[in-house]
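Data first, discussion second: the structure below is written as structure tokens.
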Amino acid sequence: MKNFTLRKTYHPYISPFDPCPPVREKTYYTPAQLYLGYQPQNLEQFSPKEALKAGTLWKVFYDPYYGPNEKRRGPYE
Amino acid sequence: MSNKQLPQEFYTMMEELQTLDFVLVELTLYLDTHPDDYNAITQFNEFSHARRILKNQFEEKFGPLQQFGNSYSDYPWNWNDPPWPWQI
């Protein structure tokens, strides 16, 4: 399925006595290794220079943190 | 004291060394859990070879990187010359 994303959402309980405007949907990011389990061989790699910047050798594990309202610039939406 | 200035080449070679080291660290950790991944092992050996060559080139120009026999020494004994790693 093409629109796979590491970003997951959950809906907290909104109390009628909640003083602040409710945040109905909250998002969180899950690490790639949850979906990978035992790392398969010959995964696609970054070039050495990119790997140094990205912090990992394999593209699939590249997952920089962006705030909820920050635009994600990484390969994963 | 000596305000020794290092050429730009020092920094480019140091970054290249750092890049190769990072790949070697990643591959080492990967190979610990994947001992029979042939391609990764060949890649590891290629990078290890490249790192050895770069280290020799670096040390010819800028002096020893490591001690206790891991690097040749110039004359006079200069492994403790600045810059130290945190001074670079």
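The values are calculated or read from the model by the stated rules, or taken from the named source; none is laboratory data. Since this is a predicted model, take the numbers as computed values, not measurements. Glycine also receives a Cβ, built like all others from the backbone with ideal geometry; neighbour counts cover every protein chain displayed. For accessibility, only protein heavy atoms count, side chains too; no ligands or nucleic acids. Shrake-Rupley method; radii C 1.70, N 1.55, O 1.52, S 1.80 Å.
Here is the list for region A:1-75: trypsin sites (Lys or Arg not before Pro) lying in DSSP coil, each with at most 14 other C-beta atoms within 10 angstrom of its C-beta, are A:Lys2, A:Arg24, A:Lys71, A:Arg73.
The residues packed around B:Gly63, meaning those with a beta-carbon under 15 Å from its beta-carbon, carry a net charge of -2 if Lys and Arg are +1 and Asp and Glu are -1. Applying a DSSP loop filter and a limit of 14 other Cβ atoms within 10 Å to the chymotrypsin sites (Phe, Trp or Tyr not before Pro) in region A:26-77 leaves A:Tyr38, A:Tyr65, A:Tyr66, A:Tyr76.
Amide H contacts of A:Trp58 (H built 1.01 Å from N, in plane; Pro and chain starts excluded): A:Phe46 sit under 5 Å, all sequence-distant by 5 or more or on other chains. For the pair region B:18-88 / region A:14-77, the C-alpha centres are spaced 31 Å from each other. Accessible surface buried by the A/B pair amounts to about 1300 Å², both sides summed, 1.4 Å probe. For the protein assembly as shown, with all protein chains in place and a probe radius of 1.4 Å, 57% of the accessible heavy-atom surface sits on carbon or sulfur.
Within the set of other residues whose C-beta is less than 13 Å from the C-beta of A:His11, count the net charge using Lys and Arg as +1 and Asp and Glu as -1.
Here the count lands on +2.
The residues of region B:1-30 occluded by other protein chains by 30 Å² or more of accessible area, set against the chain on its own, are B:Glu15, B:Thr19, B:Phe22, B:Val23, B:Glu26, B:Tyr30; surface from heavy atoms, 1.4 Å probe. Loop-located GluC sites (Glu not before Pro) in region A:1-70 (DSSP state not H, G, I, E or B) with no more than 12 neighbouring Cβ atoms inside 10 Å: A:Glu25, A:Glu44, A:Glu70. Check the straight Cα-Cα distances from B:Lys61 and name the aspartates and glutamates below 17 Å, setting aside those fewer than 8 residues away within the same chain. Cα-Cα hits under 17 Å: B:Glu9, B:Glu15, B:Glu16, B:Asp74, B:Asp81. Would you please state which residues of region B:24-43 a label at B:His49 would reach in this model, taking the label point 7 Å out along Cα→Cβ and a backbone N cut-off of under 19 Å? So the set is B:24-25, B:27-28, B:37-43.
Counting Lys and Arg as +1 and Asp and Glu as -1 over every other residue whose Cβ lies under 13 Å from the Cβ of A:Trp58, the net charge comes to -4. The lysines within cross-link reach of A:Lys26, meaning a Cα-to-Cα straight distance under 25 Å and a gap of 8 or more places when in the same chain, are A:Lys2, A:Lys8, A:Lys71.
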